[in-house]
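Engineer: Encoded as structure tokens, here's the structure I'll be asking about.
The values are calculated or read from the model by the stated rules, or taken from the named source; none is laboratory data. Since the model is a prediction, treat every value here as computed from it, not as a measurement. Note: ideal-geometry Cβ built from the backbone for every residue, glycine included; neighbour counts use all protein chains shown. Each accessible area value is taken on the protein alone, full model and side chains, heavy atoms only, with ligands, DNA and RNA left out. Shrake-Rupley method; radii C 1.70, N 1.55, O 1.52, S 1.80 Å.
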Amino acid sequence: MRSSASAPRFLGEGDIHIWLARLVEDEDCTEKFASLLDRREAARAARFLYKRRRMHFVQSHGIVRRILAGYAGVGDPADLVFRRSRLGKPRLVAPAAASRLHFSLSHSGDCCILAVRLGQPLGIDLERLHDLPQAFHIARRNFTAAETRMLAGLRGDARRDGFFALWTRKEAVVKAMGASLAANIGRIEFAPDGAGHPQLTSLDGDRSRTRDWFVFGLDIEPGYAAALATARPFRGLQHFIWSGVTPRARPDRRDRARSLNEIGGFRL
């Protein structure tokens, strides 16, 4: 009989839990998680050409099942049933009592990150920081003119970090919306506030639509950029590390949901 690692059993209204997990290049570990996946997930995993990406996909989706099973009170994570929207956003549909669990997954490099909330959609994105010489050209094609000008004033690592800070925030918003990234990334605009912090300023050019949105960077792991977005106010944010056996609260991180990080000469 499969067993699931225990996750916090209580997720209150307005609470957001964020989980960080390490992904490894280990076939035995991967096979244990593979046994939890449904046919569609297994088919997606099989389509990866590179072994490392396949292993990371299987592990991250297996970890999601184990964590969500803990919240749902389900003994076997394989019993969870997901459905995807037309644009690919997954939602939990069985057991019915767990259908109010909203979640968002992202993985990059050797890490994956999961955000969970009751009753309200949210989105999370994680990107490993790496040199991206074409970052400015990507921004010109995908960001707004104001955002592109903002990046133009940065150089070196500051431009790289600024690019990923904006990208993760935009992708987090798109995930929370359950929309297409390609069709919406340029319709979401950020601008620095009075303190130099990037703030969501408009959706489709409409500033009024941003009033209830909360979008901020997360101090998750050195060498990574991460962001969370949710369209409703929240009460509290907690970080956890997935240990592989028993999840544990992340030390010194429970109150460190810093909205923005200062990077280089530009505060992001």
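Engineer: In segment 207-233, what count of residues is obtained for those that are open to solvent by less than 60 Å² (accessible area, probe 1.4 Å) and farther than 16 Å from residue 164 by Cβ?
Structural biologist: Summing the residues that are open to solvent by less than 60 Å² (accessible area, probe 1.4 Å) and farther than 16 Å from residue 164 by Cβ in segment 207-233 gives 5.
Engineer: Looking at 266, 163, which is the one that is of a type in the set (Phe, Trp, Tyr), over 30 Å from residue 66 (Cα atoms) and at pLDDT below 90? Quick ask: steps written out before the conclusion?
Structural biologist: Numbers: 163 fails: at pLDDT below 90.
The conditions single out 266.
Engineer: Could you list, in sequence order, all residues of segment 60-102 that are surrounded by fewer than 19 Cβ atoms within 10 Å (Cβ to Cβ) and touching a Pro at 6+ places or on another chain (Cβ under 6 Å)?
Structural biologist: 82, 84
Engineer: Additional query: Could you check segment 191-245 for strands (runs of 3 or more DSSP E) lying wholly inside it with 3 or more residues that are free of Cβ contacts under 8 Å to residues at least 24 places away in the same chain? Explain how you work it out, then say what you get.
Structural biologist: On the way: elements: 198-203, 214-217, 224-230, 236-242.
Because the criterion is at least 3 residues that are free of Cβ contacts under 8 Å to residues at least 24 places away in the same chain, the strands (runs of 3 or more DSSP E) in segment 191-245 that meet it are 198-203.
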